[in-house]
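Asks: Handing you this structure, nothing more for now.
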Amino acid sequence: MNRGASNIWPWLLLMPALILFSLFVLFPTIGNVYFSLTDYAGNIHNFDFVGLENYKRAFTADYDGVWNAIKITLIFCITVTILQNAISIVLAVLVNQKLKLSSFYRSTIFMPNILGILVVGLIWTLVFDPFSGPVSQLLNHFKINSALLGDSKIALALVIFVQVWAHMGYSMVLYLAGLQSIPKELYEAAYIDGASGWKSFRHVTLPLLQSMVTINIILMIIGTLGTFDIIFVLTNGGPNESTMTLGMYIFTKIFSGGSSQGYASALAMVQFVIIFCVVFIAQFYSRRRETEF
Amino acid sequence: MKRFLSKSLLPNAVLLAVALIMLIPMLQIVNVALKSNAEFLANPISIVKKPQWSNFIEAWTSAEMSIYFFNSFIYTFFVAAGVCIVATLAAYPIARKHVKGSNFLYMLFLSALFLPAGLVPLLFIMKYLNLMNTYHGFILMKIGGGLSVAVFIFTAFIKGIPKELDEAAAIDGCGYLRYVLTILLPLMKPAIMTVGMLSAIGTWNDFISPYVFLIDKELRPLTSGLYMFMGEYTVNWPILASGILIIAAPLLIAFIFLQKFIVSGITAGSIKG
């Protein structure tokens with residue numbers, strides 16, 4: 001029996017979701033294309049079509065700023081993706097062992113994901129405070145003076161550290177799920193063949209975890225290439241634009257006066273193309289290494 | 001015993017070090033929150049000598065947190081409840097393929113997980129529909145944004161509920177909507193807990209959307225209230241730290257009791273294959 005086929009009820013039930021989804025997700029995603037071709041500046045009744053003007057501006061007048069933002073975004077994305085993956089795989093393998101405190105470790109490492117970006121950002125603003133934070137106190141002990149987040153040479157590295165600190169628990173949980181789906185017999189077989197420790201990790205665990213690595217890498221790339229919230233709290237893009245990622249650049253453009261929001265839309269399109277390309281490349285290489293069992 | 005010790009020594013040492021790196025910054029916030037400003041300025045990293053519980057009261061009153069707390073609760077409750085109900089209603093016809101193109105609809109909801117949200121068009125539509133700076137506008141927008149993951153998790157869950165149940169209910173004369181609300185919904189409790197927790201945490205913690213879509217101070221939730229407060233009182237870290245703890249407390253309590261649902265939601269939400 002197919003009770004729904006000739007009935008109006010299924011559509012009625014779908015309606016609220018379809019309306020909300022179209023208005024607040026679908027339209028904004030597609031609408032970016034349109035707004036990037038206008039001089040929309042916040043006044044919904046008065047804006048004009050300007051063709052590719054916004055894109056021209058991004059690649060001529062604002063070339064330095066945009067290119068700097070793209071460069072920082074790529075550094076941020078690649079470093080975070082590599083570090084976070086490597087660390088969280090190791091952590092997942094470690095907490096997957098039968099240790100007395102396993103669940104304590106797991107919860108502690110995962111905790112920042114519950115606290116949210118604002119709280120995490122404020123915690124580290126305090127810890128990295130150049131006057132009264134513990135880090136600068138510690139450095140003073142060794143006669144090192146540093147403005148930490150205020151120093152354009154190391155601000156990006158510190159932001160990357162906070163990003164990994166805040167999100168590695170999330171990837172760890174995903175890897176843990178992957179590890180627990182690997183059949184134990186495979187390890188026994190490997191053990192009989194003389195592989196244990198590092199060898200069984202390298203030849204059994206890693207290959208079978210590859211599909212999880214793909215998922216993690218793609219999630220991280222999408223996340224980091226668009227990042228601006230953590231930067232908004234920690235540095236606001238400064239000092240000297242040294243932490244100005246593309247996401248942050250777009251965000252500031254939306255709210256800075258004089259600059260049209262249409263221009264921000266054009267930058268968001270550029271961002272979309274970059275995300276699409278990077279995800280495509282990463283997916284291609286990562287999927288090729290996946291093994292079935 | 002000796003072998004056991006040496007085998008678990010290294011993992012324990014590494015994990016303990018990591019746990020300390022996680023905990024020390026959080027404990028430092030607690031430490032600072034309990035100090036008087038004078039003690040903090042004189043000795044910012046020593047362990048607090050005389051806990052100043054009044055810092056919490058001062059943070060609560062000087063940042064006008066009672067309004068923000070109320071707003072945070074309203075947003076969190078209605079967004080989480082809204083996402084669960086709207087997504088359940090949509091997931092049932094999709095999971096049972098009761099409409100033409102249900103596969104397409106499913107993919108449409110899923111695709112949003114990979115597409116970046118356009119802030120500018122979203123601002124436009126919020127203004128166009130007069131939803132800027134209103135409770136209902138903000139809640140509706142957040143529900144819309146949370147649907148993708150929810151529909152994905154619910155559809156998978158409903159596919160695991162036997163179809164025979166639908167048929168038995170139909171024979172007994174149970175209507176379509178009544179079936180979903182009175183029979184299906186209670187069965188979906190684990191999935192609803194998971195999705196509800198995820199959207200509640202997301203809404204409670206969100207500070208970008210309130211910053212963008214809510215202008216009046218009276219409408220803002222805790223997060224953006226605290227962010228504004230930070231701008232006014234950069235110098236007084238003990239009060240700010242107390243404010244941070246006030247925001248984090250409900251989350252930590254929820255995490256301790258409902259960890260299972262949160263973790264299962266994260267795993268389910270990301271393994272979309």
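The values are calculated or read from the model by the stated rules, or taken from the named source; none is laboratory data. Everything numeric in this text was worked out from a predicted model, so none of it was measured. Note that we place each Cβ from the backbone using ideal geometry, even for glycine, and neighbour counts take in every protein chain shown.
Asks: Among the residues of the range A:228-266 satisfying the criterion of being among the aliphatic types (A, V, I, L, M) and either more than 10 Å from every other protein chain (Cβ to nearest Cβ) or not in a helix (DSSP H, G or I) (or both), which is nearest to the chain's Cα centre (by Cα)?
Replies: Looking at the filtered set, the residue picked out is A:ILE230.
Asks: Of the numbered conditions (1) hydrophobic (A, V, I, L, M, F, W, C); (2) modelled with pLDDT under 90; (3) surrounded by 15 or more Cβ atoms within 10 Å (Cβ to Cβ); (4) under 30 Å from B:THR203 (Cβ atoms), A:LEU91 satisfies every one except a single condition; which is it?
Replies: Checking A:LEU91 against (1) hydrophobic (A, V, I, L, M, F, W, C); (2) modelled with pLDDT under 90; (3) surrounded by 15 or more Cβ atoms within 10 Å (Cβ to Cβ); (4) under 30 Å from B:THR203 (Cβ atoms), the one that fails is (2).
Asks: Name every residue in the range A:19-57 that is among the hydroxyl-bearing types (Ser, Thr, Tyr) and closer than 20 Å to B:ASN130 by Cβ, in order of residue number.
Replies: Residues satisfying the conditions are A:SER22, A:TYR40.
Asks: Go through (1) over 26 Å from A:VAL164 (Cβ atoms); (2) under 20 Å from the mean Cα position of the chain (by Cα); (3) not aromatic (Phe, Trp, Tyr) one by one and return the number of the condition A:SER211 breaks.
Replies: (1)
Asks: Which of the residues that make up the range A:132-159 are on the phi > 0 side of the Ramachandran plot and in a helix (DSSP H, G or I)?
Replies: A:LEU148
Table: residues versus (1) at positive phi; (2) in contact with a Leu (Cβ under 9 Å, 6 or more places away or on another chain); (3) facing chain A (nearest Cβ under 8 Å).
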site	(1), (2), (3)
B:ALA13	no, no, no
B:ALA19	no, yes, yes
B:ILE29	no, yes, yes
B:VAL32	no, yes, yes
B:ALA42	no, no, no
B:ALA63	no, yes, no
B:PHE69	no, yes, no
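Asks: Looking at B:TYR92, is it buried (at least 24 other Cβ atoms within 10 Å of the Cβ), facing chain A (nearest Cβ under 7 Å) and at pLDDT 90 or above?
Replies: Judged against the criteria, B:TYR92 is a match.
Asks: Given the options B:GLY196, B:GLY173, name the one that is more than 8 Å from chain A (Cβ to nearest Cβ), within 30 Å of A:PRO10 (Cβ to Cβ) and either of a type in the set (A, V, I, L, M) or under 18 Å from the mean Cα position of the chain (by Cα) (or both).
Replies: Numbers: B:GLY173 fails: either of a type in the set (A, V, I, L, M) or under 18 Å from the mean Cα position of the chain (by Cα) (or both).
The unique qualifying residue is B:GLY196.
Asks: With the requirement that a residue be of a type in the set (A, V, I, L, M, F, W, C) and assigned to a loop (DSSP other than H, G, I, E, B), what does the range A:77-101 give you?
Replies: We begin by selecting, within the range A:77-101, every residue of a type in the set (A, V, I, L, M, F, W, C); these are A:77-78, A:80, A:82-83, A:86-87, A:89-95, A:99, A:101.
Within the range A:77-101, A:LEU99, A:LEU101 meet the criteria.
Asks: Just to check your reading of the model, which residue among A:ASN113, A:ASN145 is of a type in the set (S, T, N, Q), within 17 Å of the chain's Cα centre (by Cα) and either more than 29 Å from B:ALA13 (Cβ to Cβ) or within 9 Å of chain B (Cβ to nearest Cβ) (or both)?
Replies: From the options A:ASN113, A:ASN145, the qualifying one is A:ASN113.
Asks: Take the range A:1-48 and flag every residue that is at the interface with chain B (Cβ under 8 Å from one of its Cβ atoms) and modelled with pLDDT under 85.
Replies: Across the range A:1-48, the qualifying residues are A:MET1, A:ASN2, A:ARG3, A:GLY4, A:ALA5, A:ASN7, A:TYR40, A:GLY42, A:ILE44.
Asks: Which condition does B:ASN103 not pass, out of (1) more than 21 Å from the chain's Cα centre (by Cα); (2) more than 7 Å from chain A (Cβ to nearest Cβ); (3) part of a loop (DSSP other than H, G, I, E, B), if it passes all the others?
Replies: If we test B:ASN103 against (1) more than 21 Å from the chain's Cα centre (by Cα); (2) more than 7 Å from chain A (Cβ to nearest Cβ); (3) part of a loop (DSSP other than H, G, I, E, B), just (3) comes out false.
Asks: What is the residue count in the range B:127-162 for residues that are in contact with a helix residue (DSSP H, G or I) (Cβ under 9 Å, 6 or more places away or on another chain) and of a type in the set (Lys, Arg)?
Replies: Of the residues in that region, 2 qualify.
Asks: Can you run down the residue pairs with Cβ atoms below 9 Å, 6 or more apart or on separate chains, where the first is in the range A:97-114 and within 23 Å of A:TYR187 (Cβ to Cβ) and the partner is at pLDDT below 85 and of a type in the set (A, V, I, L, M, F, W, C)?
Replies: A:TYR105/A:LEU99; A:ARG106/B:VAL263
Asks: Taking the range B:248-264 as the search range and keeping residues that are free of Cβ contacts under 8 Å to residues at least 40 places away in the same chain and either at the interface with another protein chain (Cβ under 10 Å from one of its Cβ atoms) or over 17 Å from the mean Cα position of the chain (by Cα) (or both), which one is surrounded by the most Cβ atoms within 10 Å (Cβ to Cβ)?
Replies: Within the range B:248-264, the match that is surrounded by the most Cβ atoms within 10 Å (Cβ to Cβ) is B:ALA248.
Asks: So, of the residues in the range B:31-67 that are part of a loop (DSSP other than H, G, I, E, B) and among the aliphatic types (A, V, I, L, M), which turns out to be surrounded by the fewest Cβ atoms within 10 Å (Cβ to Cβ)?
Replies: Here the residue is B:ILE47.
Asks: Tell me, please, whether a residue that is part of a helix (DSSP H, G or I), surrounded by fewer than 19 Cβ atoms within 10 Å (Cβ to Cβ), within 11 Å of chain A (Cβ to nearest Cβ) and at pLDDT 90 or above can be found in the range B:75-86.
Replies: The answer is yes; a qualifying residue exists.
Asks: From A:GLY262, A:GLY237, grab the single residue that is of a type outside the set (Asp, Glu), in contact with a strand residue (DSSP E or B) (Cβ under 9 Å, 6 or more places away or on another chain) and either under 30 Å from A:ALA189 (Cβ atoms) or surrounded by 15 or more Cβ atoms within 10 Å (Cβ to Cβ) (or both).
Replies: Answer to the check: A:GLY262.
Asks: Do we have any residue at all in the range A:51-66 that's in a helix (DSSP H, G or I), of a type in the set (Phe, Trp, Tyr) and within 30 Å of B:SER8 (Cα to Cα)?
Replies: no
Asks: Report, by residue number, each residue of the range A:38-59 that is under 11 Å from B:PHE124 (Cβ atoms), of a type in the set (Phe, Trp, Tyr) and under 29 Å from the mean Cα position of the chain (by Cα).
Replies: A:TYR40
Asks: Within the range A:120-131, is there a residue that is within 27 Å of the chain's Cα centre (by Cα), part of a helix (DSSP H, G or I), charged (D, E, K, R) and at pLDDT below 90?
Replies: Within the range A:120-131, not a single residue is within 27 Å of the chain's Cα centre (by Cα), part of a helix (DSSP H, G or I), charged (D, E, K, R) and at pLDDT below 90.
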